[in-house]
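Participant: This is the structure, below, for whatever I ask next.
Coordinate-derived values only; no laboratory data. Predicted, not measured: the structure shown is a model, and the values here were computed from it. Don't worry about glycine lacking a Cβ; one is built from the backbone with ideal geometry, like all the others, and counts go over all protein chains shown.
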Amino acid sequence: MKRLYIYLSTVIALALGSCESELEQSPISEIGSNSFYQNESDFQNAVNGIYSQLMPKAERYFDLSEIRSDNMYATTEVGVREHEPINNFARSLAPNPLIEDSWNNNFNGIMRANTVLDQLSEDVVADQEMRANFEGQAKFLRAFYYFDLVRWYGAVPVFETFVSPEEALEVPQSAPSDVYELIISDLNDAISLLPGMQDDTGRANSWAAKALKAKVHLTRSGPEYGIQGPGLGVNEYDEALGLLNDVINNGPYGWVDNYAEIFAYGNENNADIVFDIQFIGDGLGVGSYYPGYMAPSNYFNAVGIPFPAGLEVKEVSDDLLESYGENDLRREVSVQEGYTDLNGNFDPRPFFRKFLDEEEAGQNRFDWGINYPLIRYTDVLMMKAEAILQGASGSQDEVDEIVNDVRERAGLGSVSGVDLEMLMEERRREFAAEGLRWHDLVRSGLVLEIMNEWLPTEDDRNVMADEMEANWVIYPIPFNQLTVREGLYEQNDGYN
């Protein structure tokens, strides 16, 4: 049963909400003031408000990671859509609303976390265990949001406490290394403050904090590319491996034999889920957008889920489809290769359908009661293989065993001598449509090589950049942030 009712935080979201067109560090209602935090229930609602900023992440990961990568060729023939300049590696991305939305979403989550941390005290929450839990969740989520920001934008402003809009205009960007200092500090605190299991399903626990910290170490250890990006080349693979082994050997997670069951509506919060976004459908109108966001409007009309018709299809790339082995069970779970519309016409363009069950629709195609995984146990296992391949203690046999377990579940034969590129290709198929591909390419150091091999072979419509630049590992600082105060932020190289 889902206990973290994110829909209850809608009221909190409205009250804590800030201007979505600029970095707003000041709540605009009474709930943001000292008078709101009177008891434990108030803090519980405020913590729910931090979680509520997770809700749009599935769509933004789709836009900024899947569409950016070699997993998709998301161009259209019916006019330019917001995601297309991302797909095409346009230099003029700074005003793009999807880039702005991701920035605002993360900083609003950080603002909410800072407000909770500033107000939390023994006077209001006397129970030490509960107070520690609130603090641990707030710090885990603040670290999560900052990790998103440093991976998407590189150098960003760091706010460790609540600040007013006027004060925010005095805080410049911090180098990625400084952003990571706060992320690691917050995750260390979360690991020590949070319990191993939460009473309420969906809340972060210490195991999730360890898994996230391991991914932070892997990401920091990636190449720098000559930019102010997420990779620092710090060689922390053994640190990552220690955390991953702890989660594997001592955590409450385990192997799910059937790949499709990991994403089944009747099997949420299964053993593969370390941390996810909780959604509720059931016709309440507060479910996930994601399954309907991936698939075309005309498909839903064809299967009896009404929505305004549209010809747009965000196509899965030919390269991804061809990468699946002949018997790979994950292909059918993840991708639908065309559909027949209401007029009996077959559209062969493939689209992602993972998380989609037509019998589970809510009020419309944007109301699905399926959770969205942010960290899976399989991801933890494959990150262990990655750490070993990058130089952490371990053997080739361990790497091969992990990859072959994943392949066996997919219905594929075993391989040997797995190297980093083989591992990343296996991750590509395993986590298709889960928003990991771009980060995997960047972290592994393979992004330039793979994308520049892929671009000329996939771009049939000749709309993408001829060659990817290292500057495009990260996104531009949103244009509206550059104009809030002249000279406060510096634009990332490679963008207009």
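Participant: Of all GluC sites (Glu not before Pro) in the stretch 223-264, which ones are in loop regions per DSSP and have a Cβ with at most 16 other Cβ atoms within 10 Å?
Facilitator: Answer in residue order: Glu224.
Participant: In the P(r) worked out for the chain, what percent of Cα pairs fall beyond 29 Å? All intermediate terms of the calculation are to be shown ahead of the outcome.
Facilitator: On the way: 60306 of 122760 pairs.
Summing the P(r) of the chain above 29 Å gives 49 percent of all pairs.
Participant: Please list 3J(HN,Hα) in residue order for the stretch 159-165, calculated via the Karplus relation 6.51 cos²θ - 1.76 cosθ + 1.60 where θ = phi - 60°; whole Hz, with x for glycine and proline.
Facilitator: 3J(HN,Hα) across the stretch 159-165, in whole Hz: 10, 9, 9, 5, 10, 6, x.
Participant: Whole-Hz Karplus ³J(HN,Hα) for the stretch 393-408, in order, using 6.51 cos²θ - 1.76 cosθ + 1.60 and θ = phi - 60°, x for Gly and Pro?
Facilitator: Values, residue by residue: 4, x, 10, 4, 4, 5, 4, 4, 5, 4, 5, 6, 4, 5, 5, 4 Hz.
Participant: Now for a different question. For the chain, what is the relative contact order in percent, using Cα pairs closer than 8 Å and at least 6 residues apart in sequence? Please list the in-between numbers first.
Facilitator: Working: 908 pairs, mean separation 98.1, N = 496.
Value for the chain: 20 percent.
Participant: Now, a different point. Just going by the charge dipole of the stretch 152-240, with Lys and Arg at +1 and Asp and Glu at -1 on Cβ, which of Gly233, Thr161, Ala190 is farthest out on the positive end?
Facilitator: Towards the positive end, the residue furthest out is Gly233.
Participant: May I pose another question? Using the Cα gyration tensor of the stretch 98-174, with a ≥ b ≥ c the square roots of its eigenvalues, what is the shape: rounded (a/c below 1.5), prolate (a/b larger than b/c) or oblate (neither)? Write down the numbers at each step before the final one.
Facilitator: Values: a/c = 2.76, a/b = 1.77, b/c = 1.56.
Cα axes put the stretch 98-174 in the prolate bin.
Participant: List the lysines whose Cα lies under 27 Å from the Cα of Lys314, skipping any in the same chain that are fewer than 8 positions away.
Facilitator: Leaving aside lysines fewer than 8 places away in the same chain, those within reach of Lys314 are Lys57, Lys354.
Participant: While we're here: Provide the per-residue ³J(HN,Hα) series for the stretch 230-235, in order, calculated from phi with Karplus coefficients 6.51, -1.76, 1.60 and θ = phi - 60°, each as a whole number of Hz, with x at glycine and proline positions.
Facilitator: Values per residue, Gly and Pro as x: x, x, 10, x, 8, 6 Hz.
Participant: By average Cβ neighbour count within 10 Å, what is the ranking of 431-443, 356-368 from highest down?
Facilitator: Details: 431-443: 23.9, 356-368: 18.4.
In decreasing order of mean packing, 431-443, 356-368 become 431-443, 356-368.
Participant: Size of the dipole of the chain about the Cα centre, Lys and Arg at +1 and Asp and Glu at -1 on the beta carbon, nothing else charged, in debye to 20?
Facilitator: On the way: 35 positive and 85 negative charges, 123 e Å.
Result for the chain is approximately 600 debye, rounded to the nearest 20.
Participant: Which percent of Cα-Cα pairs in the stretch 290-369 sits in each 10 Å bin, short to long?
Facilitator: Using 10 Å bins, I get a P(r) of 18, 51, 27, 4 for the stretch 290-369.
Participant: Rounded to the nearest 20 Debye, what is the dipole magnitude of the stretch 290-369 about its Cα centre when Lys and Arg each give +1 and Asp and Glu each give -1 at the C-beta? Can you show the working numbers first?
Facilitator: Working: 7 positive and 16 negative charges, 46 e Å.
Using only the charged Cβ atoms, the result is roughly 220 debye.
Participant: Related question: Taking 0.36 nm per residue of separation and subtracting the Cα-Cα distance, what length does fully extending Glu490 through Asp257 add? Don't skip to the answer; put the middle values down first.
Facilitator: Details: separation 233, 0.36 × 233 = 83.88 nm, distance 4.85 nm.
Extending this stretch completely gives an extra 79.0 nm.
Participant: Here is a further query. Order by neighbour count: Val399, Val150, fewest other Cβ atoms within 10 Å first, most last. Show your work: numbers first, answer last.
Facilitator: On the way: Val399 24, Val150 28.
Ranking Val399, Val150 by Cβ neighbours within 10 Å, fewest first, gives Val399, Val150.
Participant: By average Cβ neighbour count within 10 Å, what is the ranking of 292-305, 192-205, 60-73, 163-176 from highest down? Please list the in-between numbers first.
Facilitator: Values: 292-305: 19.5, 192-205: 17.1, 60-73: 24.3, 163-176: 15.5.
Packing proxy ranking, top to bottom: 60-73, 292-305, 192-205, 163-176.
Participant: Can you sort Thr76, Thr340, Thr378 by how many other beta carbons sit within 10 Å, fewest first?
Facilitator: Values: Thr76 18, Thr340 13, Thr378 23.
Ranked by crowding around the Cβ, least crowded first: Thr340, Thr76, Thr378.
Participant: Once the stretch 372-492 is represented by equal point scatterers at the alpha-carbon sites, with solvent omitted, what log10 I(q)/I(0) does the Debye formula produce at q = 0.11, 0.14 Å⁻¹?
Facilitator: The Cα Debye sum returns log10 ratios of -0.52, -0.76.
Participant: Once amide H atoms are built 1.01 Å from N in the peptide plane, which residues 5 or more positions from Ser288, or in another chain, come under 5 Å H to H?
Facilitator: Ile280, Trp368, Gly369, Ile370
Participant: What order do you get for Trp454, Trp255 when you list them from fewest to most C-beta neighbours inside 10 Å? Intermediate results must be reported in sequence, preceding the final value.
Facilitator: On the way: Trp454 20, Trp255 12.
By the 10 Å Cβ count, ascending, the order reads Trp255, Trp454.
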